[in-house]
Amino acid sequence: MDSLISQLEWSGEIINKSGKQKVGLEIASMVKDGDVLGVGSGSTVYMALLAIADRIKTERINVKAIPTSLEISMFCSKLGIPLTTLFEHTPDWLFDGADEVDPNNNLIKGRGGAMFKEKLLISASTVNYIIVDDSKKVEKLGTNFPIPVEVFPQALLHVEKGLKAIGATAVKLRPAKGKDGPIITENGNLILDCNFSEMHNELEKDIKTITGVIESGLFIGYNLNILMAAN
Ligand code: 5RP
């Protein structure tokens, strides 16, 4: 009998994306037997996982995935990709997507609200591949997306004040999708989407120093390999 997870459908976002499929295949071709992979979020990540699952089935390679979200965990389970955790393993390498990338390979992530675990895994992994297409390229971060900040709920007002003190011009509580109230992250926290008057290299650190901030979706000065998917 089918398991509950195998009944789930992930069709919408991952079909008809040939450029992403190509990069997904490229990612899958880099997987070596025995690798522990950090797995980010987004549609290109799904494409890569489909191709990796195919290699696991056909070549019987032994791979373990450390997922950055519950949704990705379930997708891996559906595809038969074994899971592990940061308690047991450090990723050999990681692949993920991004919402914006600037000319210095700095990023904004967190559209899916999983930036805390994404940053944790990117920091834990020495080799990171970030898959984007042209639409993600910006001259200046913050052009198309605000900077998401995950906040401990009781610290909401304190963090809002702190963010404004370091230059936030707009701070919005991210609403839940399709229902009333705010979005609650997998860690039980809230997300503030912020615009800043000035984008500078210390901003990620400045945000992190506010007590009550769990993490932001700003990635400045990380050693990242950017893979471009054709549109
Ligand atoms: C979520 C992210 C994703 O990686 C980002 O949204 C990319 O998604 P896609 O590959 O579908 O464009 O940062 O927190």
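Conditions tested, residue by residue: (1) touching a helix residue (DSSP H, G or I) at 6+ places or on another chain (Cβ under 8 Å); (2) closer than 21 Å to A51 by Cα; (3) near the ligand (Cβ under 8 Å from one of its atoms); (4) at pLDDT 95 or above.
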residue: I81; (1), (2), (3), (4): yes, yes, no, yes
residue: H89; (1), (2), (3), (4): no, no, no, yes
residue: D92; (1), (2), (3), (4): no, yes, no, yes
residue: A124; (1), (2), (3), (4): no, no, no, yes
Within region 93-111, track down each residue that is hydrophobic (A, V, I, L, M, F, W, C) and either surrounded by fewer than 21 Cβ atoms within 10 Å (Cβ to Cβ) or not in a loop (DSSP other than H, G, I, E, B) (or both). W93, L94, F95, V101, L107, I108
Let me spell it out: the conditions are (1) in contact (Cβ under 8 Å) with a residue 40 or more places away in the chain; (2) surrounded by fewer than 13 Cβ atoms within 10 Å (Cβ to Cβ); (3) within 16 Å of the ligand (Cβ to nearest atom), and F116 meets all of them except one. Which number is the exception? (2)
If you check A28 against the conditions, is it within 11 Å of the ligand (Cβ to nearest atom) and part of a helix (DSSP H, G or I)? no
The lone exception for T211 - which of (1) within 16 Å of the ligand (Cβ to nearest atom); (2) surrounded by fewer than 19 Cβ atoms within 10 Å (Cβ to Cβ); (3) of a type in the set (S, T, Y) it fails: (1)
Being without any contact (Cβ under 8 Å) to a residue 12 or more places away in the chain and surrounded by fewer than 18 Cβ atoms within 10 Å (Cβ to Cβ) narrows it down to one of G221, G188, G167, G178, so name that one. G178
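The values are calculated or read from the model by the stated rules, or taken from the named source; none is laboratory data. Quantities reported herein were computed from a predicted structural model and do not represent experimental measurements. Note: ideal-geometry Cβ built from the backbone for every residue, glycine included; neighbour counts use all protein chains shown.
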